[in-house]
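Heads up: the structure comes next, in structure tokens.
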Amino acid sequence: MQIKGKKALVFGGTSGIGLATIQQLSDLGAEVITIGRNPEKITQLPVNTTARSCDVLDRSALQKLFEETGPFDILISAATGGGRAVGPFAEMDMDGYQASFAKLWGYTNVVHFGLEHLVDSGAIVLVSGTPARHCNPGQIAISSVGGAVEAFARGVAKEITPKRINVVSPV
């Protein structure tokens, strides 16, 4: 996909993988909107980048954001949606394990409400993680969520064609 001149929305673009993504998209000539719960965390925005505040778990806020920013060509979510439980499963706080799935709900919200505003030739990218495929001890919550994200993308891909959806799993 040619990036120059495209409009990209990046959820979770205020730190980590998301922040690196907005920098790379900017460097490639995209118009970038980075979205996070606390966009003021970014002290210096890359060229052609604006920051917006939105929580991926707030469906009405997402709908409003998409109406204000659409149409767009690229939709990326690296937002965790909240905390994630780590540690041995037998000792894990089950509320923490359940809360780890906020990432999945955030991703499904972003895809569901963003689809209407994504151009037909557009692409969605979701960030999973290595534990989805190679779970080490203490990573069962992260692995479960990542596996669910990957299953979601495989299933929904067939429904949204010609739009594309991919999951990346950084090592």
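The values are calculated or read from the model by the stated rules, or taken from the named source; none is laboratory data. What you are looking at is a predicted structure, and each value in this text was computed from that prediction instead of being measured. Note that each Cβ is placed from the backbone with ideal geometry, even for glycine, and that neighbours are counted across all protein chains shown.
Overview of values
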item	result
Residue tally, condition assigned to a helix (DSSP H, G or I), of a type in the set (A, V, I, L, M) and in contact with a strand residue (DSSP E or B) (Cβ under 9 Å, 6 or more places away or on another chain), over the stretch 67-123	3
Residue check for T50: outside any helix (DSSP H, G or I), surrounded by fewer than 22 Cβ atoms within 10 Å (Cβ to Cβ) and out of contact with any Phe, Trp or Tyr (no Cβ under 6 Å at 6 or more places or on another chain)	yes
Residue match in the stretch 72-93 (condition: touching a Phe, Trp or Tyr at 6+ places or on another chain (Cβ under 8 Å), within 25 Å of P162 (Cβ to Cβ) and of a type in the set (F, W, Y))	no
Inter-residue pairs, beta-carbon under 7 Å, first outside any loop (DSSP other than H, G, I, E, B) and in the stretch 20-32, second surrounded by fewer than 22 Cβ atoms within 10 Å (Cβ to Cβ) and among the charged types (D, E, K, R), 6+ apart	E31/K7
Criterion violated by I142 - all others in (1) of a type outside the set (S, T, N, Q); (2) modelled with pLDDT of 95 or more; (3) assigned to a helix (DSSP H, G or I); (4) touching a Gly at 6+ places or on another chain (Cβ under 8 Å) satisfied	(2)
Residue, modelled with the highest pLDDT, within the stretch 8-30, restricted to residues that are touching a strand residue (DSSP E or B) at 6+ places or on another chain (Cβ under 7 Å) and surrounded by fewer than 20 Cβ atoms within 10 Å (Cβ to Cβ)	S26
Selection within the stretch 31-47 - surrounded by fewer than 19 Cβ atoms within 10 Å (Cβ to Cβ), within 25 Å of W105 (Cβ to Cβ) and aliphatic (A, V, I, L, M)	I42
Test: I165 is within 16 Å of the chain's Cα centre (by Cα), touching a residue at least 40 places away in the same chain (Cβ under 8 Å) and over 21 Å from H112 (Cβ atoms)	no
Restricting the stretch 110-131 to residues that are buried (at least 18 other Cβ atoms within 10 Å of the Cβ) and in contact with an Asp or Glu (Cβ under 7 Å, 6 or more places away or on another chain), the residue that is modelled with the lowest pLDDT	S128
Residue identified as touching a Gly at 6+ places or on another chain (Cβ under 7 Å) and under 23 Å from L115 (Cα atoms) among I17, I35	I35
Within the stretch 53-100, considering residues that are of a type in the set (D, E, K, R) and surrounded by 16 or more Cβ atoms within 10 Å (Cβ to Cβ), the one modelled with the lowest pLDDT	R84
Residue match in the stretch 51-67 (condition: under 15 Å from the mean Cα position of the chain (by Cα) and in contact (Cβ under 8 Å) with a residue 60 or more places away in the chain)	no
